[in-house]
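For reference, the structure discussed in these notes is given below.
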Amino acid sequence: MNLKKISLKNPCLAIFDLDNTLIEGDCELIWCEFLAKKGIVDNTFIETIRGYFLKYDLVSPLINYPALYLNQLINEYMSHTQKLAFYQLINNL
C-alpha cells in the first residue's frame, strides 16, 4: 500500500470566524464601513447591515440553552467533523 505523505513544504494557514476573536467586531460590518468611507456604499446600506446583526442577536436559537448543553453539542460536532475530515483525507491518499 503506497500512502502519499503530507507535505509541509508549502504550508498554508486558514482562519475561520475571526469575528470578535482575532478581529474586534464583525468582519462583514467592518468591510462595509470601509466601503462607505470609500463612497462605494451609503449609510442606508450600513444601517441595513447593522439591523441584520441586531436581529440575529435577538433571534439566535442557541441563546436559550445552558452553556453545559452547548459545550456538549460543540464537542459532539467537533468529533463528527474531525472524523469526516479524517475519512476524506484517507480517501484522497
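Do we find that residue 76 is modelled with pLDDT of 70 or more, surrounded by fewer than 10 Cβ atoms within 10 Å (Cβ to Cβ) and of a type outside the set (Gly, Ala, Ser) in this structure? Let's see the steps before the verdict.
Details: modelled with pLDDT of 70 or more: yes; surrounded by fewer than 10 Cβ atoms within 10 Å (Cβ to Cβ): no; of a type outside the set (Gly, Ala, Ser): yes.
So residue 76 does not fit the description; no.
Quick one: which of 44, 48 is surrounded by fewer than 10 Cβ atoms within 10 Å (Cβ to Cβ), in a helix (DSSP H, G or I) and at pLDDT 85 or above? Outline the logic, then answer.
Working: 48 fails: surrounded by fewer than 10 Cβ atoms within 10 Å (Cβ to Cβ).
It is 44.
Have a look at 93, 62, 58, 68 and point out the one that is surrounded by fewer than 10 Cβ atoms within 10 Å (Cβ to Cβ), of a type in the set (A, V, I, L, M) and at pLDDT below 65.
Details: 93 fails: surrounded by fewer than 10 Cβ atoms within 10 Å (Cβ to Cβ); 62 fails: at pLDDT below 65; 68 fails: at pLDDT below 65.
After applying the criteria, what remains is 58.
The values are calculated or read from the model by the stated rules, or taken from the named source; none is laboratory data. Since we're looking at a predicted model, the values are computed, not measured. Neighbour counts run over all protein chains shown; Cβ positions are idealised from the backbone, glycine included.
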